[in-house]
Amino acid sequence: SMVGVTAMRAWIEPVVAGSQVASAFYDTALLLVVKNYYNQTNATAPSHALEDAQQKAVSNFYIIYNLVLGLSPLVSAYGLSKLGDKMHQKIPICFPLVGYLGSKTLLLLLILLGWPIEVMYGAAALNGLTGGFTTLWAGIMALGSLGSSESRRSLRLIVIELVYGLAGFLGSMASGYLFVGFSDRYQEGSVLVGCSIACYAFCLLYSIFVLTVPKSAASCPAKANSVKEVGSQLPAHTEAAAATAAGSSQPSERSSSTPVSPSKLIIITLFVAAILYDLAVVGAMNVLPLFLLSEPLSWNAVEIGYGNAAGYVIFITSFLGVFVFSKYLRDITMIMIGVASFSAGILIMAFVQWTFLFYIARAVMLFALIPLPTIRSMLSKHVEGSSYGKVFVLLQLSLVTTGVVTSTIYNKIYQNTLNWYSGFCFILSFLVSCLSLLPLSIVAIKQRSTTGSVQI
């Protein structure tokens with residue numbers, strides 16, 4: 001039926017899956033291409049010195065590359081998302097995809113034409129200036145929020161995260177085989193980058209020709225304007241009003257019964273909580289591979305592969321968590337459960353001496369993915385639909401900027417505490433993660449008092 005087709009065309013999942021598989025292919029290809037490049041340039045040195053020089057060169061390349069990649073979206077992301085809110089919700093999705101295509105094509109040309117590796121700094125800048133992952137992800141989250149009722153929004157956003165995680169898992173698993181499999185017949189890495197480009201091309205074509213913006217955004221201009229006027233006086237009702245204006249029979253349950261005043265305080269505290277939590281997670285996850293490679297675990301490639309797979313299982317357990325919890329618990333409670341789950345897991349990680357303990361720590365972190373999508377879901381309930389893109393991109397920019405700084409600081413701390421106590425960074429993450437419970441409890445208290453006052 002037509003309705004079914006229209007509903008399917010609003011699915012953002014194919015873009016999430018396609019771009020994540022493409023990204024996994026590209027990341028593997030880039031790492032191996034960079035490694036080979038510095039192998040050839042240092043080929044004359046003796047083997048142990050070669051290993052050190054190569055490690056250092058690769059790590060220096062990535063420091064610059066990640067800085068360019070992380071900071072260049074600061075220039076364009078906010079503007080693109082505002083444009084998306086004002087003109088068309090697809091702009092923050094299509095624009096970054098064009099940039100992705102361009103920058104990945106540069107890597108292919110580099111492999112085929114033997115260009116210098118510094119070209120990749122330009123590719124990173126192109127990627128960032130067209131919005132990059134920051135804008136793409138904020139755009140995806142805005143579309144996901146527009147297409148879901150308030151009561152189901154947390155579930156909708158975690159489903160998107162789940163698709164992202166599974167695609168990353170499959171892409172990572174396949175990328176090694178693709179890189180090795182064709183290296184005898186073609187230039188090493190060219191097939192893998194080619195596959196990555198093909199996936200991005202699919203995402204771009206899908207976004208332009210198939211994807212439709214969900215109707216709840218605005219059914220027709222006149223209705224939309226009247227909804228906006230109502231909205232400006234009573235933002236909590238916008239969703240319900242938009243739903244009724246669009247002739248939908250079910251305005252979202254929660255917003256119609258209790259209008260929550262959109263408090264600036266709640267938005268700010270949610271931002272602070274998200275940044276603190278992200279800081280704890282990013283820092284710990286940056287150091288984890290180094291921790292696994294060194295004493296006492298000293299893992300090999302196969303064990304690292306299993307460890308990564310265990311990391312992706314968290315996407316599934318967090319999804320199941322939201323699926324069940326969202327029926328009985330408030331968003332803020334789910335977020336706190338997620339934070340507690342990560343904190344406990346990372347504290348265990350600090351004392352890992354044996355492989356089985358690593359898996360116990362990972363198992364305790366089973367809900368670690370719940371906080372961020374649920375915080376986004378909560379934020380979307382405190383702002384109008386017309387500014388989802390703007391709010392999400394501001395959050396994403398804060399997270400990316402924190403991430404770039406955090407990974408640098410954590411790596412330095414890890415290098416300096418390595419011989420003294422290698423799990424020190426994880427204890428640091430545990431403390432920062434616990435800190436994020438403070439702003440969350442402020443939100444919980446604030447929400448209790450608002451709902452209380454409305455009922456009086």
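The values are calculated or read from the model by the stated rules, or taken from the named source; none is laboratory data. Everything quoted here is computed from the prediction, not taken from an experiment. Glycine gets a Cβ as well: all are built from the backbone with ideal geometry, and neighbour counts include every protein chain shown. Remember, those area values only see protein heavy atoms, side chains included, never the ligands or the DNA or RNA. Shrake-Rupley method; radii C 1.70, N 1.55, O 1.52, S 1.80 Å.
Listed values, structure above:
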{"item": "Residues that are among the aliphatic types (A, V, I, L, M) and part of a helix (DSSP H, G or I), drawn from the stretch 12-33", "result": "VAL15, VAL16, ALA17, VAL21, ALA22, ALA24, ALA29, LEU30, LEU31, LEU32, VAL33"}
{"item": "Index of the failed condition, MET336 passing every other in (1) within 26 Å of MET141 (Cα to Cα); (2) of a type in the set (A, V, I, L, M); (3) part of a helix (DSSP H, G or I); (4) touching a Ser or Thr at 6+ places or on another chain (Cβ under 7 Å)", "result": "(4)"}
{"item": "Residue ranges of helices (runs of 4 or more DSSP H) in the stretch 57-161 with at least 2 members open to solvent by 50 Å² or more (accessible area, probe 1.4 Å) and at pLDDT 90 or above", "result": "91-113, 119-129"}
{"item": "Qualifying residue in the stretch 411-427 (condition: open to solvent by 40 Å² or more (accessible area, probe 1.4 Å) and at pLDDT 90 or above)", "result": "yes"}
{"item": "Selection count, the stretch 318-343, where residues are open to solvent by 10 Å² or more (accessible area, probe 1.4 Å) and either among the β-branched types (Val, Ile, Thr) or within 22 Å of ILE304 (Cα to Cα) (or both)", "result": "3"}
{"item": "Residue pairs meeting the criteria (Cβ under 7 Å; at least 6 apart or on separate chains; first at negative phi and not assigned by the TED database to the domain that holds VAL16, in the stretch 175-200; second modelled with pLDDT of 75 or more and of a type in the set (D, E, K, R))", "result": "none"}
{"item": "Yes/no for LEU293 being more than 30 Å from LEU379 (Cβ to Cβ) and without any contact (Cβ under 8 Å) to a residue 12 or more places away in the chain", "result": "yes"}
{"item": "Selection status of LEU397, under 24 Å from ALA340 (Cβ atoms) and outside the structural domain of HIS88 (by the TED database)", "result": "no"}
{"item": "Residue identified as within 19 Å of VAL98 (Cα to Cα) and touching a helix residue (DSSP H, G or I) at 6+ places or on another chain (Cβ under 7 Å) among GLY147, GLY194, GLY171", "result": "GLY194"}
{"item": "Cβ-Cβ under 9 Å pairs, at least 6 apart or on other chains, the stretch 400-422 side touching a residue at least 12 places away in the same chain (Cβ under 8 Å), far side of a type in the set (D, E, K, R) and assigned to a helix (DSSP H, G or I)", "result": "THR402/ASP278; GLY403/ASP278; THR406/ASP278"}
{"item": "Residue within the stretch 400-417 that is outside the structural domain of LYS90 (by the TED database) and either among the charged types (D, E, K, R) or in contact with a strand residue (DSSP E or B) (Cβ under 6 Å, 6 or more places away or on another chain) (or both) present", "result": "yes"}
{"item": "The stretch 291-315 - residue that is open to solvent by 70 Å² or more (accessible area, probe 1.4 Å) and at pLDDT 75 or above and, of those, farthest from MET365 (Cα to Cα)", "result": "TYR306"}
{"item": "Filtered residues of the stretch 345-391 (kept if outside any helix (DSSP H, G or I) and within 22 Å of the chain's Cα centre (by Cα))", "result": "MET365, LEU366, PHE367, ALA368, LEU369, ILE370, LYS381, HIS382, VAL383"}
